Amino acid sequence: MPEIAEGKSSQQGRRGNTFGWIHIRGEQTAYTNYYKRMSDEDKAAWPPKYWKFHLITEDPAVEVAFTDPRRFGRVRLVDCPGDSIRKFSPLVENGPDPVVDPEVFTEEYLRDKMRSRHVPIKALLLDQTVISGIGNWVADETLYHARLHPEQYCDDFNDEQIKQLYESIRYVCQFAVDKLGDSDQFPADWLFHYRWGKGSKGAVGHLPSGEKLAWLTVGGRTSCYVPERQKKSGRVVPGVKEELVDSGKEEKPKGGRAKKVKEEPVEGAEEPKSKGPGRGRKVKEEPTKDEGETLQAKKVVLVKTVKAETEKPRGRRRKAEDETSTTETSASMRTRTAKKTKREEVAVEAKADGRRRSSRLRTKTTSDYFESS
């Protein structure tokens, strides 16, 4: 049982598998970044943090635990001899392992798989039914060494490029297994040492050679690559989102805006033209005597012109208003006079009518008197 567990853990270390990890109590099963980032408290805890499966054997006495923080892994119990486990499901559905099955995983096998599919080369490498044991960082590392673009279609590479990719897969996988996944022993020129800082503060955005790193996102999967080294030589997936890892940003000074450095004038050089009013204090230039008199005369003429232009329409408006007012007043007076005249005529008529009635009354009274006599 310990031999099987150790073999499994070494493969996990090589592949950088995110689906879980095998821990053996009292032993270090790998030396990856995942393991080194664990705190002392987590290292001492047993069963380990995020454990999902705990196995205890009696003879020999061994404790094995399977941890899976992201809960992507699966545990199956297969009743078979240990050396025949790959002949049973689900391992029997997997493709050949570049380290364990070198007689199956050949250059010809890889060429046939690449020519028969039309998917990005990175997706082909991650397909466990084609090749077993290649995870995300191993795929990026092999493509980096082979100088191939991760999102170029796998059927668009020539024979020489396929040969480079095959040799890179064999080299990276075999070296990682030989070192039991101990990343401290990986060569300094491997992409592995610089690919983990995406989105983090102080991330390394370039290799020691100065070549910049970039990330590609297609269908939710990310790839780290070096654009200057891994150039396109064929068709690539449309809609690729590329993001450069920028580690060369200048730090802004604390406490506000950066101070501008005053440039000293160079002797014999032309002074730069002003681009407009700035925020600094303006320097008032004193005009000469002749210039002052000319400016003063211009000001006087300008003031008189403005005053004249302003007053002219104003006088016309006032005249029009006065004429309108006079017209309205005359009409009003005529109306009042007409009303007064009419009232007087009515009064005269009423007075005359009263006199006529009084005369008729007196005449009638005299007539009645003579008739009665």
(message) Suppose we filter Leu143, Leu125, Leu77, Leu148 for residues that are part of a loop (DSSP other than H, G, I, E, B) and more than 24 Å from His23 (Cβ to Cβ); which single one remains?
(response) Leu148
(message) Condition first: among the hydroxyl-bearing types (Ser, Thr, Tyr), loosely packed, with under 15 Cβ neighbours inside 10 Å and touching a residue at least 24 places away in the same chain (Cβ under 8 Å). Can you find one or more residues in segment 188-201 that meet it?
(response) no
(message) I want to confirm something. Restricting to segment 224-238 and keeping residues that are touching a residue at least 60 places away in the same chain (Cβ under 8 Å), part of a loop (DSSP other than H, G, I, E, B) and open to solvent by 10 Å² or more (accessible area, probe 1.4 Å), which single residue is farthest from Gln152 (Cα to Cα)?
(response) Arg229
(request) Considering every residue within segment 131-153, establish whether at least one is open to solvent by 30 Å² or more (accessible area, probe 1.4 Å) and more than 30 Å from Leu207 (Cβ to Cβ). (result) no
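Quick grid of which residues meet (1) surrounded by 13 or more Cβ atoms within 10 Å (Cβ to Cβ); (2) within 30 Å of Gln161 (Cα to Cα):
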| site | (1), (2) |
| --- | --- |
| Trp21 | yes, no |
| Phe53 | yes, no |
| Leu77 | no, no |
| Ser84 | no, no |
| Leu91 | yes, yes |
| Glu108 | no, yes |
| Ala123 | yes, yes |
(message) Looking for something open to solvent by 50 Å² or more (accessible area, probe 1.4 Å), under 43 Å from the mean Cα position of the chain (by Cα), in the same structural domain as Cys173 (by the TED database) and acidic (Asp, Glu) - is there at least one such residue anywhere in segment 110-121?
(response) yes
(request) Of the conditions (1) farther than 19 Å from Pro96 by Cβ; (2) over 31 Å from the mean Cα position of the chain (by Cα), His149 clears all except one; give me its number. (result) (2)
(request) Report the residue count in segment 41-78 for those that are charged (D, E, K, R), more than 22 Å from Ser89 (Cβ to Cβ), touching a strand residue (DSSP E or B) at 6+ places or on another chain (Cβ under 9 Å) and modelled with pLDDT under 90. (result) 1
(message) Regarding segment 159-178, can at least one residue be identified that is surrounded by 15 or more Cβ atoms within 10 Å (Cβ to Cβ) and in a loop (DSSP other than H, G, I, E, B)?
(response) no
(request) Show the residue pairs that are 6+ apart or on different chains and have beta-carbon atoms under 7 Å apart, the first residue being within segment 62-89 and touching a residue at least 24 places away in the same chain (Cβ under 8 Å) and outside the structural domain of Ser132 (by the TED database), the second being assigned to a strand (DSSP E or B) and open to solvent by 100 Å² or more (accessible area, probe 1.4 Å). (result) Glu63/Ile56; Ala65/Trp51; Phe66/Trp51; Thr67/Trp51
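The values are calculated or read from the model by the stated rules, or taken from the named source; none is laboratory data. Here the structure is a predicted model, which means the values were calculated and not measured. Every residue, glycine among them, receives a Cβ derived from its backbone with ideal geometry; neighbour counts consider all protein chains shown. Keep in mind that these areas ignore ligands, DNA and RNA; they rest on the heavy atoms of the full protein, side chains included. Shrake-Rupley method; radii C 1.70, N 1.55, O 1.52, S 1.80 Å.
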